[in-house]
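Enquirer: Below is one structure. I have some questions about it.
The values are calculated or read from the model by the stated rules, or taken from the named source; none is laboratory data. It should be emphasised that the depicted structure is a prediction, and the values quoted were computed from it without experimental measurement. FYI the Cβ positions are ideal-geometry reconstructions off the backbone, even for glycines, and counts take in every protein chain you see. The area values use the complete protein model at the heavy-atom level, side chains included, leaving out ligands, DNA and RNA. Shrake-Rupley method; radii C 1.70, N 1.55, O 1.52, S 1.80 Å.
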Amino acid sequence: MGDEARSEVPLAVLQDRPASTATSPAPPPADPGSETGQQQKEVAQIQNPASAAAASTTTAPTMGECSTEYRGLPDGAAPASLRKVSIVPLVFLIFYEVSGGPFGIEDSVGAAGPLLAIAGFLVLPIIWSIPEALITAELGTMFPENGGYVVWVSAALGPYWGFQQGWMKWLSGVIDNALYPVLFLDYLKSAVPALGGGPPRAFAVLGLTAVLTLLNYRGLTVVGWVAICLGVFSVLPFFVMGLISLPKLRPARWLVVDLHNVDWNLYLNTLFWNLNYWDSISTLSGEVDNPGKTLPKALLYAVIFVVVGYLYPLLAGTGAVPLDRLNWSDGYFADLAKLLGGAWLMWWVQAAAALSNMGMFVAEMSSDSYQLLGMAERGMLPAFFARRSRHGTPLVGILFSASGVLLLSSMSFQEIVAAENFLYCFGMLLEFAAFVLLRVRRPDAPRPYRVPLGTAGCVAMLVPPTALIVVVLALSTLKVALVSLGAVAVGLVLQPLLGIIEKKGWLRFAVNEDLPDIGVGVGHHAPASAADDEPPAP
């Protein structure tokens with residue numbers, strides 16, 4: 001299924017240019033349309049990137065044309081706000097797409113005790129987070145465009161499976177995002193009991209979603225700096241709590257374990273939920289300043305930030321207070337803060353938890369909406385998904401993602417976590433396959449960052465995370481499995497249906513001609529014209 005449409009990245013796009021070209025003498029003028037003229041333009045691009053970039057705004061490159069590096073959208077083809085996200089906002093965007101702080105890790109202690117919880121947040125980053133971050137760094141810099149993992153899978157397995165990847169990852173992200181307004185209100189309902197249910201809660205979810213959606217509409221730079229401010233505010237109370245706990249620490253409490261009383265399903269789902277989604281940042285690669293260098297560094301700093309951000313409060317809480325596993329559930333860090341520092345620290349932790357959910361919401365929505373934009377630029381979704389607002393943001397993608405959040409916000413916490421993990425696992429299996437296949441089929445393709453392992457080493461690196469995926473899927477309940485598989489089945493039918501819609505001319509599809517041709521569209525599309533890129537009226 002999808003084999004007939006399978007296509008590979010043209011060698012002309014991915015082939016390295018010999019280094020000697022950069023120092024060759026300037027050739028005599030030639031006709032720009034001739035083969036010699038084209039070669040001169042490529043040499044000039046190496047010798048003087050600034051002038052070459054200026055020329056690219058007036059002469060559209062041919063799809064599949066030989067290039068010294070990956071060709072993304074030229075600066076003149078989109079609003080000036082694009083490709084402006086620097087490393088610090090990017091680190092915090094990754095932080096919020098993956099973690100947002102230690103809120104929600106309490107269940108790992110309740111399910112398995114301190115020793116297994118601490119060991120889990122030490123071992124799982126090695127088994128899962130680091131391999132996923134490494135794959136994201138290599139493929140995200142190899143294909144620095146907003147399609148992210150959709151383009152990776154499309155280049156390796158063809159457009160059919162690329163679309164399935166996009167569908168499962170987008171749906172998983174929207175399901176995940178539906179959790180954050182609910183959690184935000186759960187932290188506030190103790191102070192405002194009316195938010196516990198009924199019409200007041202429904203209106204609060206709607207209003208909160210609208211405000212956070214507006215932040216995404218205003219631009220990714222705004223979202224990045226909001227993430228920084230919220231991140232600092234969310235982390236500081238745990239730093240203070242750790243300092244206060246130092247005189248009360250009893251290291252022996254960290255070693256408590258009862259293997260006969262472990263809820264393995266809750267334990268693994270809690271660990272997995274708090275340590276995945278490293279690849280989400282790939283759908284923002286087209287918005288990053290110098291992604292070849294910035295993205296790998298940001299991922300490295302974010303991995304350290306996230307792991308320390310989990311272990312530090314976990315060691316403080318389990319070591320300073322006598323263990324009662326029944327108390328270790330969502331929100332228990334606020335109670336610990338009160339025991340260790342008083343009511344003022346409890347209120348700070350609760351405020352940090354509430355605002356952290358806002359940070360995770362805006363980061364996840366950015367990833368989801370830019371993914372839809374990237375898929376539309378590849379002709380995999382109708383062309384209107386590629387429209388940008390006057391702020392350079394994917395307006396249609398934002399509206400679709402917000403609508404999905406509102407539809408799914410009535411699900412319970414446990415159902416949301418289990419369902420998103422199930423869909424996410426399927427998507428990661430496709431990513432692993434794409435990573436290995438691109439190493440085999442295109443070993444010499446330009447990779448600004450390359451995982452320092454050979455193909456056999458990469459396969460070995462993926463064995464433990466693949467085994468973890470199998471375990472997570474096996475532990476899913478029948479209800480979650482059936483609902484998730486039903487969602488997967490929708491994607492299997494939706495891609496051929498979009499092909500029929502395009503063939504009938506009911507909706508327009510277009511591949512952005514400024515992107516390298518890797519043949520990932522739904523069908524045969526006309527190139528996107530300049531008029532298609534004009535943003536709608538605000």
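Enquirer: Filtering region 191-242 down to residues that are aromatic (Phe, Trp, Tyr) and more than 30 Å from residue 84 (Cα to Cα), which residue is least open to solvent (accessible area, probe 1.4 Å)?
Expert: Filtering first and then ranking leaves 238.
Enquirer: Does residue 482 meet the test of being surrounded by fewer than 17 Cβ atoms within 10 Å (Cβ to Cβ) and in a helix (DSSP H, G or I)?
Expert: Details: surrounded by fewer than 17 Cβ atoms within 10 Å (Cβ to Cβ): yes; in a helix (DSSP H, G or I): yes.
So residue 482 passes the test.
Enquirer: All but one of (1) part of a loop (DSSP other than H, G, I, E, B); (2) crowded, with 18+ Cβ neighbours inside 10 Å; (3) modelled with pLDDT of 85 or more hold for residue 518; state the number of the condition that does not hold.
Expert: For residue 518, the exception is condition (3).
Enquirer: More than 25 Å from the chain's Cα centre (by Cα) and hydrophobic (A, V, I, L, M, F, W, C): which single residue out of 358, 346 fits that description?
Expert: Criteria check complete, one pass: 346.
Enquirer: Pick from region 354-404 the residues that are out of contact with any Asp or Glu (no Cβ under 7 Å at 6 or more places or on another chain) and of a type in the set (Asp, Glu): which of them is farthest from residue 101 (Cα to Cα)?
Expert: Across region 354-404, the extreme among qualifying residues is 377.
Enquirer: Among the listed residues 68, 62, identify the single one that is open to solvent by less than 50 Å² (accessible area, probe 1.4 Å), more than 30 Å from residue 336 (Cα to Cα), part of a loop (DSSP other than H, G, I, E, B) and at pLDDT below 50. Walk me through it before giving the result.
Expert: Details: 62 fails: open to solvent by less than 50 Å² (accessible area, probe 1.4 Å).
Answer to the selection: 68.
Enquirer: Among the numbered criteria (1) part of a helix (DSSP H, G or I); (2) in contact (Cβ under 8 Å) with a residue 24 or more places away in the chain; (3) open to solvent by less than 20 Å² (accessible area, probe 1.4 Å), which single criterion is violated by residue 185?
Expert: Of (1) part of a helix (DSSP H, G or I); (2) in contact (Cβ under 8 Å) with a residue 24 or more places away in the chain; (3) open to solvent by less than 20 Å² (accessible area, probe 1.4 Å), only one is false for residue 185: (2).
Enquirer: Continuing with this model, one more query. Pull up region 283-304, narrow it to residues that are of a type in the set (S, T, N, Q) and surrounded by fewer than 23 Cβ atoms within 10 Å (Cβ to Cβ), then point me to the one that is farthest from residue 467 (Cα to Cα).
Expert: Here is the first cut: in region 283-304, the residues of a type in the set (S, T, N, Q) are 283, 285, 290, 294.
Now restrict to residues that are surrounded by fewer than 23 Cβ atoms within 10 Å (Cβ to Cβ): 290, 294.
Values: 290: 35, 294: 31 Å.
In this case the residue turns out to be 290.
Rundown of residues vs (1) at pLDDT below 95; (2) at negative phi; (3) open to solvent by less than 10 Å² (accessible area, probe 1.4 Å); (4) small (Gly, Ala, Ser), yes/no style:
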site	(1), (2), (3), (4)
96	yes, yes, yes, no
103	yes, yes, no, no
135	no, yes, yes, no
139	no, yes, yes, no
189	yes, yes, no, no
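Enquirer: From the set of residues in region 288-338 that are modelled with pLDDT of 95 or more and of a type in the set (Phe, Trp, Tyr), which is farthest from the chain's Cα centre (by Cα)?
Expert: Filtering region 288-338 for residues that are modelled with pLDDT of 95 or more and of a type in the set (Phe, Trp, Tyr), the one farthest from the chain's Cα centre (by Cα) comes out as 312.
Enquirer: Within region 147-155, does at least one residue satisfy the condition of being open to solvent by 10 Å² or more (accessible area, probe 1.4 Å) and either not in a helix (DSSP H, G or I) or not aliphatic (A, V, I, L, M) (or both)?
Expert: No - not one qualifying residue is present in region 147-155.
Enquirer: Can I ask one more? Test each condition in (1) part of a helix (DSSP H, G or I); (2) surrounded by fewer than 23 Cβ atoms within 10 Å (Cβ to Cβ) for residue 280 and report the one that comes out false.
Expert: Going through (1) part of a helix (DSSP H, G or I); (2) surrounded by fewer than 23 Cβ atoms within 10 Å (Cβ to Cβ) one by one, residue 280 breaks only (2).
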